[in-house]
Amino acid sequence: MNTIKEHNPKQPPSRLTKPVEDVPRFLSLRAKFSLFVSLVIILVCTGLSGFLIQEEAKIMTRSLLNTGTILVKTLDKVSLNRLIIHDTDYLGKMLEGPLASPEVVYAIIRDQDGRVLVSQSKGLLISASEVIRDHSHPLLPDDIPTMPLLSQPQHASVSEYPLVTKLHTLDVEGTIVLQPSHENVTPRSWSASKETIYDFALPVYRQPRPSTTIDLLSSETLGFSPSAPQEPKTIIGIIQVGISTTHMQNALNQTVWNIGLLTFGIIVVGIGLTVLLTNRITTPMRELAKVAHQIAEGNMDVSVLPDTQDEVGQLTHSINQMAAGLQQREIAITTYLNTITKQVTQLSTLHQTGTIITSTLDMEKLFAIVLKLLQKNLEFERMILILYKPNQRKGVLAEVVGLPSDLEQQLKGFEFPVAAGSLDETLLIQGLPVLAYDLEEVAPRMNPTILPLCRQTGVISFVSAPLISHQRILGYLSGDKGHSRCTQEDLDLLVTIASHVAVAIDNARTYLDLETLAESLEQRVVERTEDLQAVNERLQELDQLKSAFVSIVSHELRTPMTSIKGLVENMMDGLTGTLNERQSFYLSRVKHNIERLTRMINDLLDLSRIEAGKMELQSSPVNLGSLAREVVELLQPLAEERHLTFLAQIIDPIPLIQADRDKLIQVLTNLIMNAIKFTEPSGTVTIEVCQQEDGFVRTCIQDTGCGIPLDEQQTIFERFYRGQTADIKNRGAGLGLAITKSLVELHGGRIWVTSKPGEGSRFSFTIPNQPPESPNIPRG
């Protein structure tokens with residue numbers, strides 16, 4: 001049995017311990033296990049015993065039936081001839097043989113009419129346990145069991161198996177009789193012996209039957225058994241034998257008794273072993289539960305001494321290991337809590353340092369606040385901050401805390417050279433941290449000005465961390481803990497903080513540089529802005545002069561150009577005389593160029609009015625589909641002259657829109673003329689007009705010309721832009737598409753182009769059903 005051992009018996013009981021009487025009552029594991037296993041044993045044993053008894057009863061019944069069958073078949077063979085002559089003496093002696101068997105109660109031989117020829121009986125059963133019978137009261141059945149055999153048809157098939165009938169003894173008005181078990185009788189009418197008898201009746205036929213093999217082990221049911229059909233025979237008698245079940249019942253009772261005793265013994269032994277095994281398992285478990293309860297209350301000094309090597313012993317060993325592990329873990333947790341508390345303080349310091357660093361860019365203020373914060377939270381007694389001047393190879397004491405105020409002011413700004421082999425060189429040149437565990441060990445490498453001050457103030461140990469940002473050494477940070485010596489942990493923490501301080505110093509310096517640069521840039525921007533403003537004013541003045549010049553020149557050119565055109569037309573009409581072929585050719589070229597120059601002048605005038613915001617729309621209801629058909633008919637001769645296919649696809653219905661009819665004709669004419677001009681002979685120009693769902697009417701002019709490169713598609717609508725890929729003869733003044741775009745936008749629409757070089761172009765524009773209230777036309 002396991003025993004509980006306490007390593008610290010003086011330990012006071014935990015406040016969580018409950019009195020024994022307060023523990024709630026419950027069914028213990030031992031009781032549950034014992035009851036369960038006992039119930040399983042009882043069920044298994046009783047079930048097995050019942051099964052064995054049932055099988056034994058079946059075997060005895062089958063043996064009894066086989067015995068009766070053998071007896072009647074044997075009597076059938078030996079009584080055939082004697083039965084024919086009704087030799088009752090011989091038949092009576094023959095019946096003495098079956099009656100010698102203890103199970104046989106009676107034997108009867110009947111004739112073909114069912115009358116009894118010979119019968120013998122052992123008498124009525126008096127004592128079932130001792131099988132005592134009263135020979136003075138013979139026990140014989142009536143002819144009911146044989147009636148089925150006598151009632152068979154004469155030519156019915158012959159059965160080699162007897163008819164078996166189950167009979168019971170009944171007390172009918174003081175007389176004991178045998179009745180079949182299927183008759184309606186009640187238990188109260190049975191005799192005191194309540195004997196059961198199996199009656200075997202086998203008919204005897206006149207002619208001999210073929211021999212058959214008797215299966216002594218076959219199990220037969222009550223009634224006729226099936227057999228092969230035989231030739232019809234004549235019944236000359238019936239052999240009837242009654243076999244009692246008393247001997248079988250007594251043997252079965254004895255078997256039941258023996259099995260019951262054996263089952264009871266097995267159950268008792270099993271329950272006893274179960275209780276012993278349960279005690280063997282649960283007793284250590286109870287001890288382990290007590291130990292676990294004490295461990296749960298916080299007592300880690302208890303353990304259990306195992307006395308077995310089985311699973312319980314292994315569990316005991318595991319609990320002991322758990323208790324030891326929990327004790328060690330509790331110690332470790334305490335240590336970790338102290339460490340975490342210290343680290344939280346350090347992280348809080350880092351956070352506060354970061355907050356201070358991001359809150360100010362004044363380096364003097366930054367140094368003072370950071371050093372005082374580190375001195376307070378990290379338990380440093382004194383701290384100094386040194387900045388490095390790389391161009392002069394000198395160090396500058398920028399800030400110091402932990403000293404008298406007059407001494408601090410005296411030390412601030414102190415400069416010293418960085419000597420070779422000194423700690424200053426290690427920090428400011430090599431950028432390595434320093435842990436001086438003992439001041440006197442590093443005294444030969446210290447600055448000769450600072451060393452006496454350290455000895456005077458009682459410094460015995462210190463740590464120093466370089467300030468490094470973007471691989472540049474900005475200085476270093478040092479601190480000591482008074483009478484306590486510094487450790488590697490202090491150095492690691494100071495190195496981490498030094499990296500943040502270095503970034504803050506670098507940011508502050510960068511900010512100052514940026515501030516100076518920003519002031520310089522701002523001054524330069526002001527100067528450049530003034531220059532640009534003056535240039536812009538000059539450009540606006542020049543643009544106004546240009547617009548005025550274009551307008552004046554255009555108006556002045558139109559009058560002489562009209563006169564010249566009229567004179568040329570008069571000469572071509574023959575008013576000045578007959579012209580030869582060369583003169584007519586020259587005058588036609590002059591007229592063509594005058595018309596071209598007139599269109600350019602008109603475009604310049606339109607563009608100047610648009611840029612000046614003087615272009616006004618004369619809105620009226622317009623059907624853009626009908627308008628497109630008119631323009632197509634007008635330009636059809638020009639398309640036929642160039643051998644082009646001219647198509648108009650108007651998708652009705654096209655609603656009326658409010659627009660300037662003349663301006664839309666100008667837009668359509670410009671786009672269709674461009675399509676005709678840039679399409680080679682045998683090409684196709686298609687005009688499509690349709691209504692969109694968004695309330696706009698869309699018009700598309702598509703050609704199969706040379707196409708427009710992608711880089712030119714973005715600038716093709718600009719003023720004075722002429723395509724670089726088009727033939728020189730087809731290039732215009734670069735005003736048509738600019739004017740077209742302005743007129744479309746003046747109507748509140750939009751124009752765009754999609755094209756692929758070598759495949760043609762598709763110019764599309766949309767016009768709203770209602771014009772905008774105040775059209776916005778971009779000006780040059």
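General observations
- Single residue of segment 149-167 satisfying the filter (modelled with pLDDT under 80 and outside any loop (DSSP other than H, G, I, E, B)) that is most open to solvent (accessible area, probe 1.4 Å): LEU150
- Only one entry in ILE497, ILE429, ILE450 is under 56 Å from the mean Cα position of the chain (by Cα), within 25 Å of LYS389 (Cβ to Cβ) and hydrophobic (A, V, I, L, M, F, W, C), namely ILE497.
- Members of segment 739-770 that are open to solvent by less than 10 Å² (accessible area, probe 1.4 Å), at pLDDT 90 or above and among the aliphatic types (A, V, I, L, M): VAL744, ILE767
- When residues of segment 481-492 are limited to those that are under 54 Å from the mean Cα position of the chain (by Cα) and open to solvent by 50 Å² or more (accessible area, probe 1.4 Å), the one nearest to ARG455 (Cα to Cα): THR487
- ARG609 vs. criteria open to solvent by 60 Å² or more (accessible area, probe 1.4 Å), closer than 20 Å to GLY749 by Cα and modelled with pLDDT under 80: yes
- If you go through segment 293-306 and keep only what is open to solvent by less than 70 Å² (accessible area, probe 1.4 Å) and either in a helix (DSSP H, G or I) or modelled with pLDDT under 75 (or both), you end up with GLN294, ILE295, GLY298, ASN299, MET300, ASP301, VAL302, SER303, VAL304, PRO306.
- Subset of segment 415-431 (residues that are surrounded by 15 or more Cβ atoms within 10 Å (Cβ to Cβ), part of a loop (DSSP other than H, G, I, E, B) and touching a helix residue (DSSP H, G or I) at 6+ places or on another chain (Cβ under 7 Å)): VAL418, SER422
- Strands (runs of 3 or more DSSP E) contained entirely in segment 60-145, each with at least 3 residues that are open to solvent by 40 Å² or more (accessible area, probe 1.4 Å): 116-121
- GLU581 vs. criteria in contact with a strand residue (DSSP E or B) (Cβ under 9 Å, 6 or more places away or on another chain), at pLDDT 80 or above and farther than 26 Å from LYS741 by Cα: no
- Criterion: surrounded by 16 or more Cβ atoms within 10 Å (Cβ to Cβ), out of contact with any Phe, Trp or Tyr (no Cβ under 9 Å at 6 or more places or on another chain) and over 22 Å from PHE416 (Cα atoms) - qualifying residue of VAL535, VAL495, VAL526, VAL459: VAL495
- When residues in segment 528-570 are screened for being at pLDDT 80 or above and among the acidic types (Asp, Glu), 3 of them pass.
- When every residue of segment 651-659 is checked against the conditions, none turns out to be closer than 18 Å to SER626 by Cα, surrounded by 19 or more Cβ atoms within 10 Å (Cβ to Cβ) and of a type in the set (S, T, N, Q).
- Among all positions in segment 711-722, there is no residue which is open to solvent by 30 Å² or more (accessible area, probe 1.4 Å), out of contact with any Gly (no Cβ under 8 Å at 6 or more places or on another chain) and touching a residue at least 40 places away in the same chain (Cβ under 8 Å).
- Looking across segment 572-596, the residues that are part of a helix (DSSP H, G or I) and open to solvent by less than 70 Å² (accessible area, probe 1.4 Å) come down to SER584, LEU587, SER588, VAL590, LYS591, ILE594, GLU595.
- Close pairs from segment 506-532: first among the polar types (S, T, N, Q), partner open to solvent by less than 90 Å² (accessible area, probe 1.4 Å), Cβ under 8 Å, at least 6 apart: ASN507/ILE357; ASN507/LEU361
The values are calculated or read from the model by the stated rules, or taken from the named source; none is laboratory data. Quantities reported herein were computed from a predicted structural model and do not represent experimental measurements. Note that each Cβ is placed from the backbone with ideal geometry, even for glycine, and that neighbours are counted across all protein chains shown. Side chains are part of the model used for accessible areas, which takes the heavy atoms of the whole protein and leaves out ligands, DNA and RNA. Shrake-Rupley method; radii C 1.70, N 1.55, O 1.52, S 1.80 Å.
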